[in-house]
Each structure stands twice: as C-alpha cells, then as structure tokens.
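Undergrad: So that we are looking at the same thing, I have put the structure below in structure tokens.
The values are calculated or read from the model by the stated rules, or taken from the named source; none is laboratory data. Predicted model only: the values in this text are computed from it and were never measured. Note that we place each Cβ from the backbone using ideal geometry, even for glycine, and neighbour counts take in every protein chain shown.
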There are 2 protein chains.
Amino acid sequence: MITVAEAEEIIQDNKGDFGKEIVLFNQAAGRILAETIKTDRDLPPYNRITVDGIAVSYQAFASGIRSFRIKATQAAGDEPVDTEAPDECIEVMTGAALPATLDTVIRYEDIEIKDGIATILTDNITQGESIHYKGADRKEGDVVAIPGQVISPAVISLITSVGETEVRVKKTPRVVVISSGDELVPVDKTPTEYQVRQSNSFTVQAALKLQGVNADVLHVPDDVEKITGHLQQCLHAYDAIILTGGISMGKFDYIPQVLKNLEVEQLFHKVQQRPGKPFWFGRHEGGSFVFAFPGNPVAVFLCMQRYFLPWLHTSMDMPEKPPVYAMLDNDLEFKPDLQYFLQVKLLVNEQAQVTAIPLNGNGSGDFSNLADADAFMELPAEKTLFKKGEVYRVYLISSIT
Amino acid sequence: MITVAEAEEIIQDNKGDFGKEIVLFNQAAGRILAETIKTDRDLPPYNRITVDGIAVSYQAFASGIRSFRIKATQAAGDEPVDTEAPDECIEVMTGAALPATLDTVIRYEDIEIKDGIATILTDNITQGESIHYKGADRKEGDVVAIPGQVISPAVISLITSVGETEVRVKKTPRVVVISSGDELVPVDKTPTEYQVRQSNSFTVQAALKLQGVNADVLHVPDDVEKITGHLQQCLHAYDAIILTGGISMGKFDYIPQVLKNLEVEQLFHKVQQRPGKPFWFGRHEGGSFVFAFPGNPVAVFLCMQRYFLPWLHTSMDMPEKPPVYAMLDNDLEFKPDLQYFLQVKLLVNEQAQVTAIPLNGNGSGDFSNLADADAFMELPAEKTLFKKGEVYRVYLISSIT
C-alpha cells in the first residue's frame, strides 16, 4: 500500500495531453490558455486623461495664469488638439489623449467655465496630474497572459484589449464515468430496502462540468463479460475513464482483473488513506488513463478533488496552486494508520486566520455533510491525536466562488 | 456622495425576483436550488456493511467460537439472509445489509476461508464493528438541502440519492451589457492611436457566464437619440442592464439624463470609492434594474464583483457569504477621502494566516494586473496610511477554484 504522497507523485508523473484548439474570444471564458498573449501596443497607448476637465500647461499656471481660453473640446478617441498660446486650454473628457503642448489636467470640480473661459479655482495643482502616461502599465510586446492560465474574466479583458479575436486553448479530455454494482438502481427508480440509487456518476459529472468537461455517464452490471465489453470500447473512445465501485476485496469486485485482462497497466492499487483506500490507478498503452475509485460517495468525492482534478490541471499545463493551511477548531482522534481526510468548513476570522471546523461524519460512507464542506483537511497517518489550534494543510473543494 | 456601505445597503434593499423553473437533475449543477430537499428514507437506509468479509454474532465469538460455517454469500443489494445456528456466518460484501440475526462484521484481512469455513485470526474484535447503522447520518424526512443553495456536485449527490429526477431552481436573470463611448472600436478592428478596443462588455459577459448567466452584449454610440432608443427597448426586454461608461461629468456622458428621461428612478449616483466613483444605480418601474458603471476596466471589474454579483446572489436568495479578512503584506499610502479597493494576491502561510500582497497598479485605469488578483482589499476611507500586518476585509474575485 502506497502513501498519499506517493500516489500523488505517480499520478502527476502520468499527465495526459489532449491537444489544442482555437475558439472565438467570446467563447473562451473558463478555458485554459494554450498560447502567450502579448500587448500589441503600450498600455495605455497614449497619455490618457483620467478625469473630465481642462488640459493646461503647468508652466503657464505656475507663471500665474488662472483663466484659460478654451480652444477646443476633445472627447476620448479624438485626435489631440495642440494649443498655441500659454493661456489656451483644451476641454478634455476622460479617456482623451493629452495634447502635446500641454502637461497638466484640472478636473471640472476645480474650475469654473463662463463664456468660453475656464478659470481655475484652486492653487493646489501638481504638474502632470490626472494623466495616466503612455506605457505606464505595459510596454508593447509585454506578456500579459501565458499558457496554462485559466481564461478568467480578467484574462478576457486582456485578450480583447489586445485584439485577439481567436484564442488557442487546451482541449478538454473526453471522459466517461462508469458506475458498477448490482445494488444500484437508476435515479428515477424506487430502490428496494437494500438497494441504493446511482448517484456517484452524476456527482462526478457535475464536478467535471464545473471544470468545463462534459463527461458521459454509464452503468455496468457486476458481470465480467459486460464490464469487459464496455471497458474495451471506452479505452478506445476516451482519454480518461473514471470508475466507481468494484475494486475492493469483494467477490464481485471484478474491475482490477478486467483491467489487467485488457492490458491496462496498474500503476498502483490501494492508498494509505481514509476514505478511498482501494483506489486503483492505471494507464492503457492506447493513451487512456483509468481512475478507479471505491464506491462510497465520500471516497469518490475525495478522490476526484484530491487526485483527478489535480491530474486534469497538470495535464492542461496549469501551474500548481499554492498550498492552503488551516487551524483545526476541535480536538479529534483518528487511530487507523491511514491518512485521514477530514471534511471541514473554513472560516477566516478577524485576525485573518483560517480555521477549520470539522463536520460530523461517520466515516467514509456519510455524504450528507459534504454539501457543507469547503475542504478536506489532510491529517498525517503517523499521528493519532489532533488538537485544536494545530495547523494542517487543506485541499479546497472545487466550486464557483 | 454616499459611502460604500450605503451603496451596498441600497442595492441589497432592491433585490430582483426572476422566478423559478424546473430542470432535470443532470442539468442542475451550478444552478441555485429553489426547493427544500428531504431524504425519502433513512441514511443509510439499512444497517450497511462497510467492508468485505463475514457477518457473525458477537455473542458466539465471545463464547469462544472462532470457526464459522458460511451459510450464504450476500452481495450489496441482496435481501439479507438470516442464520440459524451460532456458528453460522454470512459472507458479506461492502454495501450489503446486515442480517437481523448478526451484529458484527469481520474483514477478509482478519479471517481465513477454507472449505466453506471462515476462521477468525484475531481476538481484537469489537461488537458492532464495520457496520454503518440505519439512520446514523440522516432520518427519513430530514432536510439535506435548502432553497438558495448552489447545486454543487455534493448537492447533486444528495438530490440523486433521494431520487429527485427534476429539481426546482431559480431562473437566472436576463441581462444585457451595454458599452458606450465613441473611442471604442470592435475587438477585430485596429484602433487609431487614440482609440481603444471594446473589452469591458466581454469581461462582464465572462464574469456572468461563470455564474451561469448568459448575457447579451451591445454597444451604443455617444448619441442621445440612439442611446434612448436602445435603452428603452432593453428596459422592457431585460431584468438587469449593466452599462459601462458615459456616467461621469464629461460633455458626452449622456447616460444619467437619458435614464431619467426614460423614468428610471435614480437610487444613487457616485460612491465614495476608488475605482468606480461615478457608479449610478437605478430601478425602472417595469421592474428592470440599471447598474451603470464608469468606463475604466478596473472600475467595471470591481463594481461587478463588489455590487452586481452580491445583488445577483441576494436576488437568487443565496445566503450571505461569511466575511474574509487578510493581513496586508506591505505598507501603503492612499490620500484621497475615498474607500480604496486594492487589488491583492492572497496566500495562506503555514500559520494558517491569510496574507494580501498588493499588486502594483497605477490607479483605476490599470487592468493589466487584474488577472493576478485574487481579491480586492477594502481600505477604509478615513485612513491614509496602511501598515504591513494590519488586517482588512477582502472581497474575493469570483472564479472557479
């Protein structure tokens, strides 16, 4: 049985590559960038006026002139108009370009305009004020976004500003989620007292949808031939197969054997963790990856968050996220020699400290608190007692914030 | 000019109501729940076995019996099989129901099976072990999800487990994003030296897409008649109108006057903040809300995050998010009597403390660092100097984590 850290390392060493494609800029939000975005000109592209008011020569102001003749009005987008005399000014709007003969802008609040003459009402003027200078933010050719970056709304702002109408993005993988287990009935069927409804595959499908991946869903019975047939097809049709159930020590846990028969190389089976100990991971020579999780809902959920999504992100060349730590808010005991993933709710107090409130859970089968969990706290296998105030690493549950 | 807190209060007092609709459970991820979800039976629904192994009577074990005849094998989903003699056991698989005559489960790792006899290899057995009891997590009729909750993958797990094939969700609002300003050219056009490309509306559109809202985008020229015509139509066709630009003191800032002419009630104009001071908010008697933001990209972005998205969430009956605080990592000075929203990158250190690293920005016009920002830190208007180590509230930028 390998450790969580070993499992993570093996998975990260086996990243996928799903290729690239080009999408229109207004379809790109949420995708992963596969090219470098550079500015096509300085930002701002000209000396940009940041208020509505008048542009004057500071030297003229300093020499005592307070009333300026308005030579012209200049809107954003207009060619700048030059002045000829020191007591001339240009009435300028936010976003307009600074005329070459002028160097200081005074906002409407500090002037009075009458009969085409603007009079400055304050002495508190600084040379160069209210101007955002050409190239102050970025120079032409500067890199503003890089491959692996999520195309967030802010990245859309950059992409559109530099005129990229089409964007090269990472393709998302073709994923199928396969549940197994004869005790499972479809969601719209009433289970007998001893059956349960299929829910794992839809939970996984929803988690993938949040990542922009549209996964297919399939259920297979506990029947070696049928499992074999379905898996054989899926190994050819998908980049990744997520299985739930059928990998433990039970008599009907056929999955590992079937995968072996289909020449999927087992990279590990069983991880020193709770939930999710029976987790099986492998790779098919055709290029497809198999993540086989045990059937209990919390294990599936944890394995998705802790292993599959980081693998997906690495495969899309996304940078590793900085670690997050939280302070345990309760004492607790966990005896088995397993790394325990505790469901926690996170709060940030007024000392800016992240506290983790454990959610009551009866081990790996209890999924009824999962909707309240913000993260899993990773409690080291070598310890048994965990004290309020101790700090451990947490893994945030993917969501829309 | 009102304060940020006052603006927030006015907006929160004017929440919208976009109605409800029914969607299939596998289309519901990311939507907002508009009904209460209750369990249709206990969770677990029966005394659920949590390992693969044998079920025995603890009394029989305590009386010294170590070898048990395997009467039957019981898979998950099977009717439980009762035993008749103390030295009988049932071979059981994870997820199977505990037979009524038995009370303890011993995993394969601790037994040996030969010729239909299972022999227990350990004395370390606890009565009731490896059983997840009926109703331990939830009782039939317990509430597991409530209106206003985001339908996260964990909620999908609950919904499917209780057999809800259709889910009542909040409708998303019909939103149009309207940019104005004659200096703006379409993304695919090359601007002159003094023009810039339309980017604000696509940034807003992308931010809304992350919230599951598909917004339309429109550009209007600086022309009173055209603005009037477009806005008149939009006030009837949309629940919310987001405008960018045209609301400041400039000569071509026609928007507030046009909105007044169209009988949109102004609820406020100008907020004591940077960026975004000229922000205008109003409500049309037809029920449509108007958020008019100034044209600079950072102001638009901030106003979306700080005002529009919280309004959207309140309108969808989502609960208020707990506040988040962070510790400033640098000294900084901000003189104007405005609440300053500082772009920051957040990190959580190994003491579980959230630190906020200010991103260099040249005031409200600089959007080139926005893609690196995790949050805006809200620096109080009444202070001028902000010291490293001081803690302030931060507003997380909505994203997929």
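Undergrad: Just give me the residues in segment A:77-100 being within 50 Å of the chain's Cα centre (by Cα), surrounded by fewer than 17 Cβ atoms within 10 Å (Cβ to Cβ) and not small (Gly, Ala, Ser), in sequence order.
TA: A:79, A:82
Undergrad: Scanning for something more than 20 Å from residue B:24 (Cβ to Cβ) and either touching a helix residue (DSSP H, G or I) at 6+ places or on another chain (Cβ under 8 Å) or in contact (Cβ under 8 Å) with a residue 40 or more places away in the chain (or both), does segment A:197-209 turn up at least one residue? Can you show your working first?
TA: First, the residues of segment A:197-209 that are more than 20 Å from residue B:24 (Cβ to Cβ): none.
Taking every residue of segment A:197-209 in turn, none turns out to be more than 20 Å from residue B:24 (Cβ to Cβ) and either touching a helix residue (DSSP H, G or I) at 6+ places or on another chain (Cβ under 8 Å) or in contact (Cβ under 8 Å) with a residue 40 or more places away in the chain (or both).
Undergrad: For segment A:275-296, check the following and say yes or no: at least one residue is among the aliphatic types (A, V, I, L, M) and either within 14 Å of another protein chain (Cβ to nearest Cβ) or surrounded by fewer than 24 Cβ atoms within 10 Å (Cβ to Cβ) (or both).
TA: Among the residues of segment A:275-296, not one is among the aliphatic types (A, V, I, L, M) and either within 14 Å of another protein chain (Cβ to nearest Cβ) or surrounded by fewer than 24 Cβ atoms within 10 Å (Cβ to Cβ) (or both), which makes the answer no.
Undergrad: Report those strands (runs of 3 or more DSSP E) wholly inside segment A:14-99 carrying at least 2 residues which are modelled with pLDDT of 95 or more and facing chain B (nearest Cβ under 10 Å).
TA: A:67-74, A:88-92
Undergrad: Spot the failing condition for residue B:141; the list is (1) within 11 Å of chain A (Cβ to nearest Cβ); (2) among the small types (Gly, Ala, Ser); (3) more than 21 Å from residue B:32 (Cα to Cα), and only one is missed.
TA: Result: residue B:141 fails condition (1) only.
Undergrad: For segment A:342-356, check the following and say yes or no: at least one residue is outside the structural domain of residue A:222 (by TED's automatic domain parsing) and either acidic (Asp, Glu) or under 19 Å from residue A:1 (Cβ atoms) (or both).
TA: Of segment A:342-356, the ones outside the structural domain of residue A:222 (by TED's automatic domain parsing) are A:342-356.
From what is left, the residues that are either acidic (Asp, Glu) or under 19 Å from residue A:1 (Cβ atoms) (or both) are A:350.
There is at least one residue in segment A:342-356 that is outside the structural domain of residue A:222 (by TED's automatic domain parsing) and either acidic (Asp, Glu) or under 19 Å from residue A:1 (Cβ atoms) (or both).
Undergrad: Taking the residues in segment B:225-251 that are at pLDDT below 95 and surrounded by fewer than 21 Cβ atoms within 10 Å (Cβ to Cβ) as candidates, determine which candidate is farthest from the other protein chains (Cβ to nearest Cβ).
TA: Across segment B:225-251, the extreme among qualifying residues is B:251.
Undergrad: Which condition from (1) touching a strand residue (DSSP E or B) at 6+ places or on another chain (Cβ under 7 Å); (2) not acidic (Asp, Glu); (3) not assigned by TED's automatic domain parsing to the domain that holds residue A:142 is the one that residue A:30 breaks?
TA: (3)
Undergrad: Also, quick follow-up: Given the criteria more than 30 Å from residue B:191 (Cβ to Cβ) and touching a His at 6+ places or on another chain (Cβ under 9 Å), does residue A:263 qualify? Talk me through it step by step, then tell me what you get.
TA: Working: more than 30 Å from residue B:191 (Cβ to Cβ): yes; touching a His at 6+ places or on another chain (Cβ under 9 Å): yes.
Spelling it out, residue A:263 is indeed more than 30 Å from residue B:191 (Cβ to Cβ) and touching a His at 6+ places or on another chain (Cβ under 9 Å).
Undergrad: So which of B:11, B:32, B:22, B:2 is surrounded by fewer than 17 Cβ atoms within 10 Å (Cβ to Cβ) and not polar (S, T, N, Q)?
TA: Numbers: B:11 fails: surrounded by fewer than 17 Cβ atoms within 10 Å (Cβ to Cβ); B:32 fails: surrounded by fewer than 17 Cβ atoms within 10 Å (Cβ to Cβ); B:2 fails: surrounded by fewer than 17 Cβ atoms within 10 Å (Cβ to Cβ).
The conditions single out B:22.
Undergrad: Ok, one more. Report, by residue number, each residue of segment A:200-224 that is modelled with pLDDT of 95 or more and not in a helix (DSSP H, G or I).
TA: Hits for segment A:200-224 are A:213, A:214, A:215, A:216, A:217, A:218, A:219, A:220.
Undergrad: If a residue has to be crowded, with 23+ Cβ neighbours inside 10 Å, among the hydrophobic types (A, V, I, L, M, F, W, C) and more than 8 Å from chain B (Cβ to nearest Cβ) to count, how many in segment A:193-214 make the cut?
TA: Qualifying residue count, segment A:193-214: 1.
Undergrad: Within segment B:282-311, can you find the residues that are part of a helix (DSSP H, G or I) and polar (S, T, N, Q)?
TA: Step one: of segment B:282-311, the residues part of a helix (DSSP H, G or I) are B:297-311.
The answer is B:305, and nothing else.
Undergrad: Can you run down the residue pairs with Cβ atoms below 7 Å, 6 or more apart or on separate chains, where the first is in segment B:153-165 and in contact (Cβ under 8 Å) with a residue 60 or more places away in the chain and within 7 Å of another protein chain (Cβ to nearest Cβ) and the partner is basic (Lys, Arg) and outside any helix (DSSP H, G or I)?
TA: Sorted first by the residue in segment B:153-165, then by its partner, the pairs are B:160/A:197; B:161/A:197; B:163/A:197.
Undergrad: Are any of the residues in segment A:321-340 of a type in the set (Lys, Arg) and more than 30 Å from residue A:176 (Cα to Cα)? Give the derivation first.
TA: Going residue by residue through segment A:321-340, those that are of a type in the set (Lys, Arg) are A:321, A:335.
From what is left, the residues that are more than 30 Å from residue A:176 (Cα to Cα) are A:335.
Taking every residue of segment A:321-340 in turn, at least one turns out to be of a type in the set (Lys, Arg) and more than 30 Å from residue A:176 (Cα to Cα).
Undergrad: Still on this structure, please answer the following. Hey, residue B:352 hits all of (1) of a type in the set (Gly, Ala, Ser); (2) in contact with a helix residue (DSSP H, G or I) (Cβ under 9 Å, 6 or more places away or on another chain); (3) crowded, with 23+ Cβ neighbours inside 10 Å but one; which does it fall short on?
TA: That leaves (2) as the condition not met.
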